[in-house]
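Input: a single structure, listed below in structure tokens.
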Amino acid sequence: MPPTTPTTGSSPASLNYLVIYNPTLQPDPNAPKQPDVDEDDEIEQAHILFYTARDRAVSRDAMLRQVGLAKALNNFSEMFALHGCDSVHSQKRRTVVFSPETDFWMVASVDVPKNPRPSPSTSSTASKDKSKRPPNKDNEKGKSAATATTSDSFEYRENVLFDDVLRTYLRRGYEEFKVR
């Protein structure tokens, strides 16, 4: 979970995960085989050179899914353009892809900054508008109001994160740590 400001409850932009991979790498044929890993997973795992995430313990499956999604988006977008996917935007996350060298890819997923929305009970105009609102569909299906409003309780500020800035940070990190 991203850090929150105690007084306001807002969360700044924070790194969700960073991965560096090379899809041309193959597993070491001399390495002992792990019994619980199938051959496809072993090949996919060999592609990952570096992985870090905000969560301390990330399963191998989660890593492989994230890298697999990045590779699939890149391959799919190359069918329509000369270059692959540069970024993916969602309400809660921004994912930026950067290729510093041929066959080497850096993928950074950043959580968008968010602020808590004012609760309707604290707003005097919200109580007047409650009678005009249609019933909540989630409540009709038996879900609690707390569950139904969890995603609506924050205002995501996606307009403060810029792809070029995130890509510049990836480029600077690459320039700083590459072997010369």
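Under the condition of being surrounded by 14 or more Cβ atoms within 10 Å (Cβ to Cβ), β-branched (Val, Ile, Thr) and modelled with pLDDT under 85, the residues counted in segment 5-36 number 0.
Within segment 37-51, being loosely packed, with under 11 Cβ neighbours inside 10 Å and either modelled with pLDDT under 90 or not aromatic (Phe, Trp, Tyr) (or both) holds for Asp38, Glu39, Asp40.
Answer yes or no as to whether Phe104 is in contact with a Phe, Trp or Tyr (Cβ under 9 Å, 6 or more places away or on another chain), more than 10 Å from Val19 (Cβ to Cβ) and at pLDDT below 95. Before you say what the answer is, go through the steps one by one.
Values: in contact with a Phe, Trp or Tyr (Cβ under 9 Å, 6 or more places away or on another chain): yes; more than 10 Å from Val19 (Cβ to Cβ): yes; at pLDDT below 95: yes.
It is true that Phe104 is in contact with a Phe, Trp or Tyr (Cβ under 9 Å, 6 or more places away or on another chain), more than 10 Å from Val19 (Cβ to Cβ) and at pLDDT below 95.
Scanning segment 85-105 for residues that are open to solvent by less than 50 Å² (accessible area, probe 1.4 Å), touching a residue at least 60 places away in the same chain (Cβ under 8 Å) and closer than 27 Å to Arg180 by Cβ turns up Val96, Phe98, Pro100, Trp105.
The values are calculated or read from the model by the stated rules, or taken from the named source; none is laboratory data. Note that this is a predicted model, so its numbers are computed, not measured. Using ideal geometry, Cβ is built from the backbone for each residue, glycine included, and neighbour counts are taken over all protein chains shown. The protein model used for the area step is the full one, side chains on, heavy atoms only, and it has no ligands, DNA or RNA in it. Shrake-Rupley method; radii C 1.70, N 1.55, O 1.52, S 1.80 Å.
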